[in-house]
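Trainee: I have a structure I would like to understand better, so I am pasting it below and will then ask my questions one at a time.
The values are calculated or read from the model by the stated rules, or taken from the named source; none is laboratory data. Note that the coordinates shown come from a computational prediction; the quantities given were computed from them, not determined experimentally. Cβ placement follows ideal geometry from the backbone for every residue including glycine, while neighbour counts extend to all protein chains displayed. Side chains are part of the model used for accessible areas, which takes the heavy atoms of the whole protein and leaves out ligands, DNA and RNA. Shrake-Rupley method; radii C 1.70, N 1.55, O 1.52, S 1.80 Å.
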Amino acid sequence: MKTTVRGVRSVEIEMGEPERAAEFYAQIWNLKVVERKGRSVWLRGTGAYHHILAIHPAKGPAAMRRLTFDAANRAIVHALHNKVAAGGCATEAPHEIDAPGGGYGFGFADGEGRNLAVVCDVRDHADAADVPDRPRKIAHVNLNAAQLENSNAFLIDVLGFRKVDHSGPLHFFHCDNTDHSSMVMGATKTPTLNHVSFEMPDLESCMRGGGRMRDAGYPIEWGPGRHGSGNNVFCYFAGPEEFPIEYTAEVLQIDDSYEFHGPEYWKWPPGRLDQWGITPPHTARWKRIQDMVLFTPGTYRI
Ligand SMILES: [Fe+2]
């Protein structure tokens with residue numbers, strides 16, 4: 001068994017108007033509310049994970065509170081905790097989790113102050129069949145790093161990811177599942193969120209979701225198109241409070257035989273930004289919001 005995670009289980013975000021955001025993610029983004037506590041709301045996709053998104057009240061602007069990775073079992077949780085602690089991260093001992101979905105795991109802050117967590121044994125759902133036009137799960141999270149080499153090394157050396165591609169400014173990381181990548185890293189001046197990508201069951205659902213978003217007043221900020229690395233289709237949006245989100249589908253499925261390619265391989269003909277050659281450039285708004293959302297400092301304990 002690989003000593004790494006099985007992907008991004010969930011993200012927790014902070015919103016100035018959490019009720020409005022929860023209504024959006026349930027009614028328009030097509031997740032489903034599974035639990036409410038105070039002003040916090042937990043929502044699931046059609047996949048088995050207990051929840052894939054938690055929305056909490058913000059004290060300031062929209063923020064990322066936490067990114068939680070899924071682990072196969074307690075042995076993996078303990079092995080990863082040992083590596084995280086040995087790496088000098090602020091962390092807590094693995095423990096039973098008293099939060100919606102429960103589980104066993106630990107939180108920590110990485111070298112750039114991001115709140116991350118690794119959990120297993122969550123009370124997941126028995127039903128996990130695809131539903132047209134509803135997201136299954138989080139496909140990947142794309143983060144911006146101020147110390148890109150260190151952040152990439154942390155994913156590889158501590159959390160056990162494998163770097164599977166480097167395309168333009170983006171580095172793609174694969175873990176213990178069949179998806180091409182579950183984490184994507186790029187460089188900026190401050191560590192921020194680039195976007196959270198939600199996986200739709202197919203291309204049709206990705207397009208229908210794009211139309212539903214436009215109808216609701218959330219235009220496509222970049223896309224539709226098909227990426228090179230990862231081969232996935234994409235539509236990017238500014239969600240409530242301009243939180244950067246993506247619908248994706250048809251993510252390339254790989255195994256250990258997948259061969260790394262660098263930026264010299266992933267090149268487009270002039271004027272082209274996706275495989276189809278159909279997407280216009282991303283909007284000025286997308287350019288702004290993909291380097292806007294900070295992690296809330298000091299809240300790594302779960
Ligand atoms: Fe993406």
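Trainee: Given segment 1-88, what percent of its DSSP beta bridges are antiparallel, to the nearest 5?
Mentor: Of all bridge pairs located within segment 1-88, approximately 75 percent are antiparallel.
Trainee: I need the phi-derived Karplus couplings for segment 8-22: 6.51 cos²θ - 1.76 cosθ + 1.60, θ = phi - 60°, integer Hz, Gly and Pro marked x.
Mentor: 7, 7, 7, 10, 10, 10, 10, 10, x, 10, x, 5, 5, 4, 5
Trainee: Just read off the accessible area of Met207 with the full protein assembly in place, 1.4 Å probe, to the nearest 10 Å².
Mentor: Approximately 70 Å² for this residue.
Trainee: Sticking with this one: For a quick check of understanding: with a 1.4 angstrom probe and all protein chains in place, what accessible area in square angstrom does Cys120 have, to the nearest ten?
Mentor: Its accessible surface works out to 0 Å², give or take rounding.
Trainee: How much accessible area does Asp256 have with a 1.4 Å probe, in Å² rounded to the nearest 10?
Mentor: Near enough 110 Å² of accessible area.
Trainee: Once amide H atoms are built 1.01 Å from N in the peptide plane, which residues 5 or more positions from His140, or in another chain, come under 5 Å H to H?
Mentor: Correct list: Ser197.
Trainee: Solvent-accessible area per residue for the chain at a 1.4 Å probe radius, Å²?
Mentor: In whole numbers, the chain has 42 Å² accessible per residue.
Trainee: Here is a further query. What is the sum of charges, Lys and Arg at +1 and Asp and Glu at -1, for the other residues whose Cβ falls under 11 Å from the Cβ of Pro244?
Mentor: -2
Trainee: Can you tell me which lysines have their Cα less than 26 Å from the Cα of Lys37? Leave out same-chain residues fewer than eight positions away.
Mentor: Hits, sequence-local ones excluded: Lys59, Lys137.
Trainee: Summing +1 for each Lys or Arg and -1 for each Asp or Glu, what net charge is found among the other residues whose Cβ lies under 14 Å from the Cβ of His174?
Mentor: Local net charge: -2.
Trainee: If you don't mind, there's one more thing I want to ask. Tell me the mean residue ellipticity at 222 nm calculated for the chain from its helices only (DSSP H runs of n ≥ 4, each -39500 (n - 2.57), averaged over every residue, nearest 500).
Mentor: Only helices count here, giving -4500 deg cm²/dmol.
Trainee: Per Stokes-Einstein, at 20 °C and 1.002 mPa s, what whole-number D in µm² s⁻¹ belongs to the chain, with the Kirkwood radius over Cα pairs as the hydrodynamic radius?
Mentor: 111
Trainee: Follow-up. For a quick check of your reading of the filter: which chymotrypsin sites (Phe, Trp or Tyr not before Pro) in segment 265-297 sit in a DSSP loop and have no more than 12 other Cβ atoms within 10 Å?
Mentor: Trp276
Trainee: Specify the longest stretch of the chain that does not include any exposed loop site, a site being one of the trypsin sites (Lys or Arg not before Pro) with a non-H, G, I, E, B DSSP assignment and at most 15 other Cβ atoms within 10 Å.
Mentor: Value returned for the longest uninterrupted segment is 190-266.
Trainee: Leaving out ligands, DNA and RNA, what percent of the accessible area of segment 7-107 is carbon and sulfur, probe 1.4 Å?
Mentor: 50
Trainee: Let me ask something else. Please give the FRET efficiency for Glu19 paired with Asp130, using the beta carbon to beta carbon distance and R0 = 25 Å, rounded to the nearest 0.05.
Mentor: Here the calculated transfer efficiency is 0.30.
Trainee: At a Cα cut-off below 20 Å, give the lysines reachable from Lys83, other chains included and same-chain residues fewer than 8 away excluded.
Mentor: The reachable lysines, counting only those whose Cα sits under 20 Å from Lys83, are Lys2, Lys163.
Trainee: To one decimal place, what Kirkwood hydrodynamic radius in Å is obtained for segment 1-105 from all pairs of distinct Cα atoms?
Mentor: It works out to 15.0 Å.
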